[in-house]
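Data first, discussion second: the structure below is written as structure tokens.
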Amino acid sequence: MYQTLLTRRYLIGRVMPLLAILAVVLCTAMVLIVWSVMAGFLNMLLAQGRALMGDVVVNWPVEGIPYYQQLIEDLENDPLCEAAAPTIEAPGLMALPEPGGTRLVQIVGVDGPSYDRVTNFNELLWWQPIDEALPKDTDERDLRLRVPEQMRTEGLTLREFDPETEELRSAVVTGVWVSGFNRRNRAGFIDSYYTFFPTEEVTVSVLPLSDRGAVIDVAARRFPVANEFQTGLYDADANSVLIELGALQEMLHMDAAERIEDDFDYLAVTEDDDGEENFAQPTVVAEDPARVTSILLRAAEGVTPAQLRDRAKAIYAEFDMKMDGEVPPSDFVKVETWEERPAVRTFIGAVKKEMALLLSLFGFISMTAAFLVCAIFWAMVSEKTRDIGILRAVGASKGGVAWLFLRYGLVIGFVGSMFGLAVSYAIVLNINPIHEWLGQALGIYVWDPEIYHFTRIPSEIEPLKASYVFIGGVLFSLIGAAIPAINASRLDPVRALRFE
Amino acid sequence: MTLISAHNLTKTYRLGRVDVPVLRGVDVNVERGEWLAVLGASGSGKSTLLHLLGGLDRPDKGSGSTIEFEGRSLADMSARELDRHRNTRVGFVFQFYHLLPELTVLENTALGSMIRYGRIGYRMKAGEVRKRANEILTEFGLEHRLRHRPAELSGGERQRTALARALMNAPDLLLADEPTGNLDRKTGDRILESIERFHKEHGQTIIMVTHDPLIAERADRCIRLVDGLAVDGADVDAEDHVALSS
């Protein structure tokens, strides 16, 4: 009882405990703000990283998976799988219009509609009409305010209307940083330099390979640029070029074809019914099915990528059995979640490490709160030495005296952490206006959209993180108070009474 | 009936590298309801004797010192029992009042009861405790000062508050360490009158340390500490009166 009373009295009207509370407020707020923003940043990257590849990838490079339509049907019939899309991944060259030069790129052949069902590709297309200018785009210079709806459709189908032939023509959609003609400005939208890339044409060259991986040809073809996409992952946005699946299959000789007899004599001549001589026609001995190197899967609502991966492995094994050696063996086909893919793992791993490092640094700095509380309590125990002697003289136990100061630390930690959470909530929820104000008033842009690829800073606080920080703040204060509290309890009451 | 008896009390303080013996075998015996005055010069070990008798300090180890309270040795008590002993059986009054500056007069008085009953017990007995504190403070003429802090009180009022705190839990033994030493004669006399009244009306056992023979005269019996030993009260009077007259 006396501890409650004295804690309250010691707390009110004194500068030192207020300073300790302030230290706890600052430390908890600092950690929670950094953690929330970094975690938001990471979540955004994860969402973007996942954007181009769905939840799970079934992959057999070079040779590709035949009868993939059948496999996709099997996969889509499973309740764990929401959608599946065939793709081909292959290295290639892209010759840009002047002065772009030629670039080594990752070519991805996709079937627009199914790809959209798996990845929400539609949302990644950069050039599509927007209703409102970005907050910082006061002059409404963003070209997206003026682009036609047709650009979205052409980007999505990877086909563009050719006025000369009046037919749809296969097109490419490139990452926004592939061409080098785009720059992001501080307002957060993209400015086009030299030329507006989606009005241009490019030449894409790929190398069809044999079953054994040997180059058997060079295929080059002109494509119009239908649109550009932005995932937020720089690597994908700077190197990936999407091509309509059928076109890439043709270029890579992965489309459906007829197989003729091996020993056919191309110079053989035959006579028809009228006695005219013609070159002999080969006999078709088999149909070679079209192939794709990857099948991307989207998990159904509430299904984790890992669950879908395991299910997809089982489905592929059944498919392998059913096709009786006509498809790559299930033991060797890679079925991975998007996070398990090497490029993603490296990138996300780096960001996670960066966040852990930042948190460790700020957490370490936050330990100063514990030291500050410790120093303040040390001073307070010295100041209150005689009180401790009095308490002991009237029968307070050593534990009772220790609890008095521990309780005091607990209250400081509790109050400080509560205010810390309130401050961080206020800052994180308003971080964008604050950032904007800092930029305008002081010219400080900590999260420059030119660099970070996002126009709004993530502004969400997860309750679990907030509770961890709260517990940490209270715990640090308690640790800070523990040593002075133990010291206080060990004071010789007679000496304490004589203390001046 | 003997309330407290101490035999061969020895206490040595260490000042730097030097051992300074303060008590060198003091024997004290106090009957229930008796008022014993302990006289002695400054540094003679009066306060030390009081601290030892009150269980606030322990005699030298291995010295053969014993302190028995109602026949039970304080040395045999655990730390918890000793805390309880100080809380319920003994009341301390100090020369410099030693009130907690953050608490009001009422709270200072009730401090011992707060410790005694604990958090839950105190809540159940809060009314009772407050009533007792009010009574005792009224008895000491402090009924108009209940909500005041020590800094707002005169020296006499502070000492009366300290006295009320010491007597709050109705201790068997009141240990007063020069309770008037920091007060003017008139105020000191009022405090002594209060103590005397309590002694007479309630049969309170008192051990009071003082260097003033006139105060000691109010007690039933006196001893004097000389060279770390207790000398009988008869000699005390003679010596001190000589000292005073000179």
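Tell me yes or no: at least one residue of the stretch B:188-208 is assigned to a loop (DSSP other than H, G, I, E, B), touching a Lys or Arg at 6+ places or on another chain (Cβ under 6 Å) and closer than 26 Å to residue B:106 by Cβ.
Checking the stretch B:188-208: not a single residue is assigned to a loop (DSSP other than H, G, I, E, B), touching a Lys or Arg at 6+ places or on another chain (Cβ under 6 Å) and closer than 26 Å to residue B:106 by Cβ.
Residues checked against (1) open to solvent by 10 Å² or more (accessible area, probe 1.4 Å); (2) of a type in the set (Phe, Trp, Tyr):
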position	(1), (2)
A:181	no, yes
A:185	yes, no
A:199	yes, no
A:206	no, no
A:210	yes, no
A:213	yes, no
A:218	yes, no
A:231	no, no
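Quick check on residue B:121: is it free of Cβ contacts under 8 Å to residues at least 24 places away in the same chain, facing chain A (nearest Cβ under 10 Å) and open to solvent by less than 30 Å² (accessible area, probe 1.4 Å)? Give the steps one after another, and end with the answer.
Details: free of Cβ contacts under 8 Å to residues at least 24 places away in the same chain: yes; facing chain A (nearest Cβ under 10 Å): yes; open to solvent by less than 30 Å² (accessible area, probe 1.4 Å): yes.
Taking the combined requirement at face value, the residue satisfies it.
Applying the selection to the stretch B:158-180, what residues are touching a helix residue (DSSP H, G or I) at 6+ places or on another chain (Cβ under 6 Å) and of a type in the set (D, E, K, R)?
Residues satisfying the conditions are B:158, B:165, B:177.
Which one is nearest to the chain's Cα centre (by Cα) among residues in the stretch B:30-44 that are open to solvent by 70 Å² or more (accessible area, probe 1.4 Å) and touching a residue at least 24 places away in the same chain (Cβ under 8 Å)?
Only one residue fits best here, namely B:32.
Residues that are more than 21 Å from the chain's Cα centre (by Cα), within 9 Å of chain A (Cβ to nearest Cβ) and either open to solvent by less than 50 Å² (accessible area, probe 1.4 Å) or among the acidic types (Asp, Glu) (or both): does the stretch B:92-99 have at least one?
No, there is no match, as no residue in the stretch B:92-99 is more than 21 Å from the chain's Cα centre (by Cα), within 9 Å of chain A (Cβ to nearest Cβ) and either open to solvent by less than 50 Å² (accessible area, probe 1.4 Å) or among the acidic types (Asp, Glu) (or both).
What are the residues in the stretch B:126-146 that are within 11 Å of chain A (Cβ to nearest Cβ) and either buried (at least 16 other Cβ atoms within 10 Å of the Cβ) or modelled with pLDDT of 85 or more (or both), if any? Steps first, please.
To start, the set of residues in the stretch B:126-146 that are within 11 Å of chain A (Cβ to nearest Cβ) comprises B:126, B:129.
Correct list: B:129 only.
What number of residues within the stretch A:131-152 satisfy the criterion of being surrounded by 15 or more Cβ atoms within 10 Å (Cβ to Cβ) and in a loop (DSSP other than H, G, I, E, B)?
6
Going through the stretch A:332-346 one residue at a time, which ones are part of a helix (DSSP H, G or I) and acidic (Asp, Glu)?
Of everything in the stretch A:332-346, those that are part of a helix (DSSP H, G or I) and acidic (Asp, Glu) turn out to be A:339, A:340.
Every residue in the stretch A:157-204 that is over 14 Å from residue A:100 (Cβ atoms) and acidic (Asp, Glu), please.
Matches in the stretch A:157-204: A:160, A:162, A:164, A:166, A:167, A:191.
Any idea which of A:290, A:280 is surrounded by 11 or more Cβ atoms within 10 Å (Cβ to Cβ) and out of contact with any Ser or Thr (no Cβ under 9 Å at 6 or more places or on another chain)?
On the way: A:280 fails: out of contact with any Ser or Thr (no Cβ under 9 Å at 6 or more places or on another chain).
Selected residue: A:290, the only one of A:290, A:280 that is surrounded by 11 or more Cβ atoms within 10 Å (Cβ to Cβ) and out of contact with any Ser or Thr (no Cβ under 9 Å at 6 or more places or on another chain).
Of the numbered conditions (1) aliphatic (A, V, I, L, M); (2) farther than 20 Å from residue B:229 by Cβ; (3) within 14 Å of chain A (Cβ to nearest Cβ); (4) open to solvent by less than 30 Å² (accessible area, probe 1.4 Å), residue B:53 satisfies every one except a single condition; which is it?
(2)
Mind listing just one residue for me: the one in the stretch A:1-20 that is open to solvent by 80 Å² or more (accessible area, probe 1.4 Å) and part of a helix (DSSP H, G or I) and, of those, nearest to the other protein chains (Cβ to nearest Cβ)?
A:8
The values are calculated or read from the model by the stated rules, or taken from the named source; none is laboratory data. What you are looking at is a predicted structure, and each value in this text was computed from that prediction instead of being measured. Glycine also receives a Cβ, built like all others from the backbone with ideal geometry; neighbour counts cover every protein chain displayed. When the accessible area is computed, the model is the full protein with side chains, heavy atoms only, and any ligands, DNA or RNA have been set aside. Shrake-Rupley method; radii C 1.70, N 1.55, O 1.52, S 1.80 Å.
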